Amino acid sequence: MHRALFALPVLIALTACTSGGDKDGGPNVETAMTEGPLTTQRGSIVTAQNGRALVPIELTGDEVSFMVTAKSDTYLSLEAILDENGEQVVNWKDWLSSKSTQSLTSAFYIYGYDSIVNWPVRDVDRALNAGTWTAQFTATDENYRYVNDVLVDFVVQTKTDDNLDEGVVKVRLVWAEGLDNRNDLQQAVEGALSRWSEVWAAAGLTIEVTEVSSDLDPELTVDSVAPFPNDEVDYGGADDDVTVVIGETINGTRGLFGQSGGIPGTLVSTANAAVYISWLTNAGRDGEFQEYEVLLLGETMAHEVGHYLGLFHPVEASYDYYDALEDTVECTSWSKCESELGENLMFPYPLCSLTDCEPQGGLTGDQSAVMNLYTGAL
Ligand SMILES: [Zn+2]
């Protein structure tokens, strides 16, 4: 049973030529940049030239990371990021070729009606210079053909941060209807939040949790292609928090522990702006939390929100696909991977017997760096 279901979607290569050059109209920036360690600026742009939307990112040189969230009413994916000189710093073709065995960001996937990139992803990707950077998104239809003249709304967020060894992540914990009235669940989640805090402390990260009641159906539903094309799911959250929904099940199955709305997920409202947690799957067959299952719930939350902050599994359960980090080994078999990476928080599934689970809270230095570079870790 996989803890996280953010499976790699079917990837269809875009083969049409991508001529550069003029676009029909420039972006329309609608709001002034807010001030503080986290800035937020909203705007919109119409796609042209092979479905392209070129989102400008104004940097002063003080920023350590930025996040761009693009959303539309058709599929969006990231093609490239260009620096202040127009040089490409990353291109999807280098990561989605048939030879690539590593994942960097789900922004490249043609997965939903939103696309989110946080840059830099890793320590080795660092150095943001002053000037206008560009995030180049592409709009495609359900047949993976480029679509022009589509309105793309974008949100550019930047952060300044003197200390990338520690940070605070604001978590908006949303209870599905009626679940927060149950003492057993309240207690289990309290214990789980404590385990989550303990695990993330190794990365220097603290969580600040605000709990919210809701009338959401406890049977959470997620569609792998375009989860909620017309709905926005951060349930009234602010532009600096991560939404985590506690439900009973995800898609009615007891095989799913949790699911992240992206790798990374966004801080603003889109159709995928949440992490979903199934309390029932984490509580095991009898549906009652034993002590080890409370720890498992905490590790599930820490794992899923780890995805949301940009972490991939160090190895996928096919044992031939990896994250893009140097200090997580590239193991090649079921037995080797479980022994070499089984204690890592981001291992793709929990290692449990009928009465216990192995502690699974380890984070490497490179993983901690990815989490601290997330624009919402302040
Ligand atoms: Zn996972």
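Each value in this text was obtained by applying a stated rule to the coordinates, not by laboratory testing. What you see is a predicted model, and the numbers here were worked out from it, not measured in a lab. With ideal geometry, Cβ positions are generated from the backbone for all residues, glycine too; neighbour counts draw on all protein chains shown.
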| remark: Farthest towards the positive end of the dipole of the chain, among Gln290, Ile116, Val209 and with Cβ unit charges of +1 on Lys and Arg and -1 on Asp and Glu, lies the Cα of Ile116
| Per 10 Å bin from zero, what fraction in whole % of the C-alpha pairs of segment 134-180 is there, up to the bin with the longest pair? | 15, 24, 21, 32, 9
| Separation in nanometres of the label points that stand 7 Å from Cα toward Cβ, at Tyr292 and Ser335 | 2.3 nm
| task | Starting from the Cα of Lys159, draw a straight line to each of the lysines and keep only those under 30 Å, dropping any in the same chain fewer than 8 residues away. | result | Lys23, Lys71, Lys93, Lys170
| request: With θ set to phi - 60°, apply the Karplus curve 6.51 cos²θ - 1.76 cosθ + 1.60 along segment 251-263 and write out the HN-Hα couplings as whole Hz, x wherever there is a Gly or Pro. | output: 6, x, 9, 9, x, 10, 7, x, 8, 9, x, x, 10
| message | What is the angle, in °, between the Cα long axis of helix 183-201 and the longest principal axis of the Cα atoms in the chain? Nearest 10 is fine, range 0 to 90. | response | 60 degrees
| remark: Once normalised by the length of segment 250-301, the mean sequence separation of its alpha carbon contacts under 8 Å that are 6 or more apart gives a contact order in percent of 32 percent
| query | Between Tyr349 and Asn143, what FRET efficiency comes out of the Förster formula 1/(1 + (r/R0)^6) with R0 = 30 Å and r the beta carbon distance, rounded to 0.05? | reply | 0.35
| message | Need the C-alpha centroid separation for segment 342-364 versus segment 36-80, integer Å. | response | 36 Å
| said: Quick check: pseudo-label points 7 Å beyond the Cα along Cα→Cβ at Ser97 and Glu35, how many nm apart are they? | reply: 4.7 nm
| message | Between segment 152-216 and segment 252-281, what is the separation of their alpha carbon centroids in Å? | response | 13 Å
| said: To test your reading of the geometry: what angle, between 0 and 90 degrees and rounded to tens, separates the Cα axis of helix 291-308 from the longest principal axis of the chain? | reply: 0 degrees
